[in-house]
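The values are calculated or read from the model by the stated rules, or taken from the named source; none is laboratory data. These numbers were taken from a predicted model, which means no experiment stands behind them. Because the Cβ atoms are built from the backbone with ideal geometry, glycine has one as well, and the counts that use them run over all protein chains shown. Please note that ligands, DNA and RNA were not included when accessible areas were found on the heavy atoms of the full protein model with its side chains. Shrake-Rupley method; radii C 1.70, N 1.55, O 1.52, S 1.80 Å.
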Amino acid sequence: MCPGCFEKQLRIDELQCEVVRLKQKLRYEERKTKDGYFGSSTPSSKKPFKEAPEDTVKKNGGALPGHKGHGRKKISDCQIDETEKILVGNKCPHCSGRLVNKSFIKRPIIDSVLLQVKNILYLCQKKYCPRCKKTVSAKPPVLPRTLYGNQLMAQALYLHYGQLIPLGRIEEIMGGAVSTANLHAAFQRLSRIWQPAVDRLITEYRKEPVKHADETGWRNDGDNGYAWLFCSRNISIFLFEDNRSSKVRQAILGNRRLPGVLVVDRYGVYNKSPCSLQYCYAHILRLVEDTGEQFADNEEVQRFVATLAPLLAQAMHLRGLDISDKVYYRGAKTLRAKIRRVINAGSQHSGIKAVQVIFNENERRLYHWVKDRRVPADNNRAERELRPTVIARKVSFGSQSKQGALTRSILMSIIHTAKKRLPADALQKWLKESLDAIAADPSIDVYSLLPPPRP
């Protein structure tokens, strides 16, 4: 090859590399514009908003043609809570003639009763004992130094910490009969009462065979902070802190070796936890799909993604199938072998190598679901429990002080733990009964008031 042709070929190779680099940069900018700075992991609050074109709008939902449906369920007589007679009158509206009684038409409906706040005066009787010369007085069924009754407090606790409704909105719901300042003071007093129960819950959480952990952003007095969740099937422990360091993890898990498996994402703080770890496959699947989008023109990457992504999805869905343990463990071992085969296959592409390195360096943190069916391959439990907190953060903008964050940590831990252990409609009743028990005996063991764990 002549010197001139050789220089031209070098220039052509240089320009081809430049084209590939510019294509990758353009693809990155397009993905950043569409999904945000962190790709598919970008929080919904940080994603750029763009209306979908009319031709991409999906058709209206609803039942498929030919679906019979279930219809509206009837209300039986035993389910009626109140009966009200609607009278017609004595004159006919058409001819003004006298009407004669005939019968009643049953028209059952489902309605609600507005929340009514009442001012109650308790007359607490006092008596004197001539024998010991002491005065005995009756105690009202309310907490000491509290303006609000236990029923109102139970409803406020349920709405604010159970349904995560802001206190200002609760004040409106109750017709302005309560004030946010008084509710804050009452909640802080209750948090000090319930603190020992949370300490016991942390001890019980450490013994759980399957534990979950996750965190999300939470502002505290205008500064950035984090809402931490450590949960299991029967326990939910919330912590609202101003940092995302390992101190929070140590406060809950301690330093001694613990039984069971902790399911987490790949955040490095959890790597030194004193128990076995299971990495969430949903996060890894997202990384694999992002790799496929980043290198959409590379056939090797597309084959890798098309092979590995379905295997990760099957691993997450296997636990929910209605199959026997024998069938589950046989299928789990088969899936693990297929995943390893894909991971151990050689590759020269940097995107594929990045995924393979995660599996090769964290082998001990990826396959606990194969040996124990109780361990899921994803962290959906923690993420779903944190979702209402994310919504509350957008509505209330976080806590106003460190004391408010501590109060929220304690009361949300108690209420959401009880919510897991009770029927859907029994939480308010349990809150009222617990407050009554504390009012009757301030020295009661509050941990004993928690509902028993589900079997």
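Applying the criterion of being of a type in the set (S, T, N, Q), assigned to a helix (DSSP H, G or I) and under 28 Å from Arg244 (Cα atoms) to the residues of the range 259-316, the residue that is modelled with the highest pLDDT is Asn271.
For the range 394-407, filtered to residues that are open to solvent by less than 50 Å² (accessible area, probe 1.4 Å) and in a helix (DSSP H, G or I), the residue that is nearest to Asp214 (Cα to Cα) is Ala405.
Looking only at the range 362-374, residues that are among the aromatic types (Phe, Trp, Tyr) and either open to solvent by 20 Å² or more (accessible area, probe 1.4 Å) or touching a residue at least 60 places away in the same chain (Cβ under 8 Å) (or both) come to 1 in all. Any chance the range 175-191 includes a residue that's closer than 19 Å to Lys429 by Cβ and assigned to a loop (DSSP other than H, G, I, E, B)? No - not one qualifying residue is present in the range 175-191. Among the conditions (1) open to solvent by 60 Å² or more (accessible area, probe 1.4 Å); (2) of a type in the set (A, V, I, L, M); (3) touching a Ser or Thr at 6+ places or on another chain (Cβ under 7 Å), Val355 misses just one, which is (1). Among the residues of the range 96-141, the ones that are open to solvent by less than 100 Å² (accessible area, probe 1.4 Å) and in a loop (DSSP other than H, G, I, E, B) come to 14 in all.
If you go through the range 144-156 and keep only what is touching a residue at least 60 places away in the same chain (Cβ under 8 Å) and open to solvent by less than 10 Å² (accessible area, probe 1.4 Å), you end up with Asn150, Met153, Ala154. Note on the range 83-95: residues that are open to solvent by 100 Å² or more (accessible area, probe 1.4 Å) and either among the aliphatic types (A, V, I, L, M) or in contact with a Leu (Cβ under 8 Å, 6 or more places away or on another chain) (or both) total 5.
Okay, residues lined up against (1) open to solvent by less than 20 Å² (accessible area, probe 1.4 Å); (2) in a loop (DSSP other than H, G, I, E, B); (3) in contact (Cβ under 8 Å) with a residue 24 or more places away in the chain:
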site	(1), (2), (3)
Asn360	no, no, no
Ala392	yes, no, yes
Ser409	yes, no, yes
Asp425	no, yes, no
Gln428	no, no, yes
Leu435	yes, no, yes
Pro451	yes, yes, yes
Pro455	no, yes, no
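Can you tell me which residues in the range 220-238 are more than 15 Å from Glu383 (Cα to Cα), assigned to a strand (DSSP E or B) and not small (Gly, Ala, Ser)?
Of the residues in the range 220-238, the ones more than 15 Å from Glu383 (Cα to Cα) are 220-225, 234.
Then drop every residue that is not assigned to a strand (DSSP E or B), which leaves 220, 223-225.
Within the range 220-238, Asn220, Asp223, Asn224 meet the criteria.
Kindly establish whether Leu201 is crowded, with 18+ Cβ neighbours inside 10 Å, in contact with a strand residue (DSSP E or B) (Cβ under 7 Å, 6 or more places away or on another chain) and not in a strand (DSSP E or B). Even if it seems obvious, please write down each step before you answer.
Working: crowded, with 18+ Cβ neighbours inside 10 Å: yes; in contact with a strand residue (DSSP E or B) (Cβ under 7 Å, 6 or more places away or on another chain): yes; not in a strand (DSSP E or B): yes.
In short, yes.
Sort out which residues of the range 301-312 are of a type in the set (S, T, N, Q) and either in contact (Cβ under 8 Å) with a residue 40 or more places away in the chain or buried (at least 20 other Cβ atoms within 10 Å of the Cβ) (or both), and write them in order of number. Matches in the range 301-312: none.
Conditions tested, residue by residue: (1) within 20 Å of Arg365 (Cβ to Cβ); (2) charged (D, E, K, R); (3) touching a Leu at 6+ places or on another chain (Cβ under 9 Å); (4) open to solvent by 20 Å² or more (accessible area, probe 1.4 Å).
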residue: Val261; (1), (2), (3), (4): yes, no, yes, no
residue: Cys275; (1), (2), (3), (4): yes, no, yes, no
residue: Tyr279; (1), (2), (3), (4): yes, no, yes, no
residue: His283; (1), (2), (3), (4): yes, no, no, yes
residue: Gln294; (1), (2), (3), (4): no, no, no, yes
residue: Glu299; (1), (2), (3), (4): no, yes, no, yes
residue: Gln314; (1), (2), (3), (4): yes, no, yes, yes
residue: Lys326; (1), (2), (3), (4): no, yes, no, yes
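Going through Pro388, Pro376 one at a time, which residue ends up being at pLDDT below 90 and either closer than 30 Å to Ile252 by Cα or in a helix (DSSP H, G or I) (or both)? Explain how you work it out, then say what you get.
On the way: Pro376 fails: at pLDDT below 90.
That would be Pro388, the only listed residue that is at pLDDT below 90 and either closer than 30 Å to Ile252 by Cα or in a helix (DSSP H, G or I) (or both).
So Ala377 fits all but one of (1) within 30 Å of Gln155 (Cβ to Cβ); (2) open to solvent by less than 40 Å² (accessible area, probe 1.4 Å); (3) under 20 Å from the mean Cα position of the chain (by Cα); what number is the exception? Every condition holds for Ala377 apart from (1).
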